[in-house]
1. Hey, can you tell me all the residues within the range 125-135 that are more than 13 Å from the ligand (Cβ to nearest atom) and either in a loop (DSSP other than H, G, I, E, B) or surrounded by 16 or more Cβ atoms within 10 Å (Cβ to Cβ) (or both)?
2. Where residues in the range 90-121 are of a type in the set (Ser, Thr, Tyr) and within 16 Å of the ligand (Cβ to nearest atom), which of them is farthest from residue 178 (Cα to Cα)?
3. Residues that are among the hydroxyl-bearing types (Ser, Thr, Tyr) and touching a residue at least 24 places away in the same chain (Cβ under 8 Å): find the strands (runs of 3 or more DSSP E) completely inside the range 198-303 holding 3 or more of those.
4. If you go through the range 73-110 one residue at a time, how many are without any contact (Cβ under 8 Å) to a residue 24 or more places away in the chain and not small (Gly, Ala, Ser)?
5. Counting only residues that are under 17 Å from residue 132 (Cα atoms) and either in contact (Cβ under 8 Å) with a residue 60 or more places away in the chain or buried (at least 24 other Cβ atoms within 10 Å of the Cβ) (or both), how many does the range 144-159 have?
6. Hey, any hits in the range 210-229 for a residue that's crowded, with 18+ Cβ neighbours inside 10 Å and touching a Pro at 6+ places or on another chain (Cβ under 7 Å)?
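All of the numbers you see were taken from the coordinates with simple rules; none came from a lab. Predicted model only: the values in this text are computed from it and were never measured. Reconstructed Cβ throughout: ideal geometry from the backbone, glycine too, with neighbour counts over all protein chains shown.
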Amino acid sequence: MLITVILLFLIPIGINSLFDNTLDKSIVLNANGTLDNKSNQAAINTPENAPERDEKKLAIITFDDGKKGQITNAKPILDGYNYTATFAIICNNVSKSDELNWNDIVQLEKEGYDIGSHSMNHIKLEDVPNNVSEYEISESKECLLDNGVKEVRVFTYPKNGGSDDPFILKEVSKHYDLARTGNDPLEFLQCQIGSSYTMMNKISCSSLGNDINKDGRYSIIGWSHDADREAKGYDDSQMLQKFIQVVESQNKYNKGNEIRSIPVLIYHDIDKESGFYTTSIELFKAEMKYLHDNDFIVIRLLDLI
Ligand SMILES: [Zn+2]
């Protein structure tokens, strides 16, 4: 309630003001966006500082399309909070202008981020013949492995389409352990999370067995941050409000250690200004700070299984 009141008061001033007014001054972002104060960085996620509360709030962060800004602009912010994320790559777009190159992708994996496949060419899988969708799904994994990625277990559907098609779903299940589609604010599932802080990222989800069905592990629903902005024409201040609404909407479903819903966030490029499928650095920073300041537990997509 207090947060809502504060936000309503601050939003007309714009998100830069919100950021300035609420930023913990002891944690300073340097020009590269990394945290200067390492003792504070270490303090962020230690058990001593963990909040004691019954209700758990979780979030999963994913990036589609392999855009350059994901490593230059988003990664330093994620690193600052020790947040994990999955980066899903379009294999035939690697190294094009504004795209991640193979060194970037291998570096992300070395630093502990998950690398997933987002197909070979980003075509709508349900609109092409089966042999083409089969190629897009299977070959993109091989392509990542051939170029130095050690492990590829996640697939994200291009344009969030195809998981309703039994052939596509089956093909994805042959090559991957989990797949994400979209587009809804929350993924509904049945999970239990550990109660002690050190166990908090240990989650087991009974609803995500090996079954290949439309509600299973091969059709995890994500929320496309950028599609919502495109559809509604939000500016950054409005988008921050929408983000808060989405990530807080899990509260009415989760009770204690029983997790029934999780927002799975989908980002694309992160750059100086928000634009077509691009989130501004300031907005992304404000959103990650919101998760941190409000005790969200950020887990990997793969932690669900
Ligand atoms: Zn995409």
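1. Within the range 125-135, 128, 129, 133, 134, 135 qualify.
2. 119
3. Once the strands (runs of 3 or more DSSP E) in the range 198-303 are filtered for at least 3 residues that are among the hydroxyl-bearing types (Ser, Thr, Tyr) and touching a residue at least 24 places away in the same chain (Cβ under 8 Å), what remains is 278-280.
4. 4
5. 4
6. Looking through the range 210-229, at least one residue is crowded, with 18+ Cβ neighbours inside 10 Å and touching a Pro at 6+ places or on another chain (Cβ under 7 Å).
Listed here are the residues, each with its yes/no results for (1) within 17 Å of residue 86 (Cα to Cα); (2) within 16 Å of the ligand (Cβ to nearest atom); (3) assigned to a helix (DSSP H, G or I); (4) in contact with a strand residue (DSSP E or B) (Cβ under 7 Å, 6 or more places away or on another chain).
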site	(1), (2), (3), (4)
123	no, yes, no, no
145	yes, no, yes, no
163	no, yes, no, yes
169	no, no, yes, no
174	no, no, yes, no
